[in-house]
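Presented below is the structure to which this report refers.
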Amino acid sequence: MKRQNIRTLSLIVCTLTYLLVGAAVFDALETENEILQRKLVQRVREKLKTKYNMSNADYEILEATIVKSVPHKAGYQWKFSGAFYFATTVITTIGYGHSTPMTDAGKVFCMLYALAGIPLGLIMFQSIGERMNTFAAKLLRFIRRAAGKQPIVTSSDLIIFCTGWGGLLIFGGAFMFSSYENWTYFDAVYYCFVTLTTIGFGDYVALQKRGSLQTQPEYVFFSLVFILFGLTVISAAMNLLVLRFLTMNTEDERRDEQEAILAAQGLVRVGDPSCDDDFGRLPLSDNVSLASCSCYQLPDEKLRHRHRKQADHGGPPTFSGMTTRPKF
């Protein structure tokens with residue numbers, strides 16, 4: 001089986017295993033608390049119904065009214081500042097769910113807007129991320145020169161650099177959000193992480209208290225910049241990880257092609273343990289003489305017969321039509 005196929009299969013198995021482990025851990029951590037919360041809500045429901053002599057239908061109306069009133073605590077959601085915030089969550093695929101279109105026209109426009117906006121946003125973040133990686137590479141080379149080291153920057157260096165920036169954004173931004181929203185610092189870190197990874201559960205959403213969308217323009221600006229710049233940094237790191245994986249696949253494909261060509265020409269037995277382990281796994285730019293390999297095969301039976309015949313008569317073996325270097 002080809003190396004890239006093995007890697008893909010391994011990724012599938014690892015991902016499924018990761019999902020199973022995650023499900024088991026979340027089950028163990030959250031189920032008991034969920035049961036307690038449901039019992040608490042049930043007790044409160046029964047007390048309210050008994051105290052105010054409410055029917056099940058009346059209680060459901062009250063419950064729906066309370067739920068629908070939550071988004072309005074932030075003020076008007078569909079004025080320009082709130083609409084801009086909503087549009088940002090659409091094209092970035094964060095989708096907190098804090099506010100959703102209620103009219104049929106709004107729902108239709110939202111679908112069309114997302115169809116064009118999501119690819120546009122992805123392309124923009126990827127392009128800016130590439131520019132950011134280029135700048136980071138130049139900066140790291142400058143630092144290495146200043147330190148008297150060779151100005152060589154690897155993809156691992158850039159991944160570490162971008163990951164560090166992402167960490168600073170999450171932990172630094174958490175201070176601002178904890179201050180404005182009166183969250184604990186841990187909850188603010190959780191919100192920043194969920195936002196910049198575009199998970200967007202919606203359990204914590206900024207700008208949803210005290211009419212912030214209309215009364216705190218500086219906070220609205222900070223939130224939008226945090227989302228857009230933060231996603232750019234995360235995209236830069238993700239680009240590097242994806243490119244690294246694609247490079248590994250490409251290298252494996254080229255290596256397999258080299259071995260297949262050599263095997264088809266009868267120059268080498270692929271996987272032969274008697275061969276030098278480095279043969280067939282050299283970069284494309286390397287030219288290796290067949291004379292340096294002690295386990296090559298002759299291209300066909302006629303040449304092998306000629307080789308034996310000339311050896312029996314004491315003459316040197318000649319290989320017509322063969323070059324001394326394989327063409328990769």
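Quick note: the coordinates plus some simple rules give every number you see, no bench work behind them. The structure displayed is predicted, hence computed values, not measured ones. Positions of Cβ are backbone-derived with ideal geometry, glycine not excepted, and every protein chain shown enters the neighbour counts.
Quick notes on this structure:
- Normalised convex hull volume, the range 76-265, alpha-carbon set, Å³ per residue: 169
- Value of relative contact order over the range 76-265, rounded to a whole percent, pairs C-alpha under 8 Å and six or more apart: 30
- Too-long pairs where the Cα-Cα distance tops 25 Å, listed order kept, from 2/138; 79/209; 39/68; 79/107: 2/138
- Low-density loop positions, chymotrypsin sites (Phe, Trp or Tyr not before Pro), the range 1-66 - DSSP coil, at most 13 other Cβ in 10 Å: 52
- Neighbour-count order for 19, 122, fewest beta carbons within 10 angstrom listed first: 19, 122
- Both radii were evaluated on the Cα set of the range 1-68; the Rg over Rh quotient, with Rh as the Kirkwood radius, amounts to 1.42.
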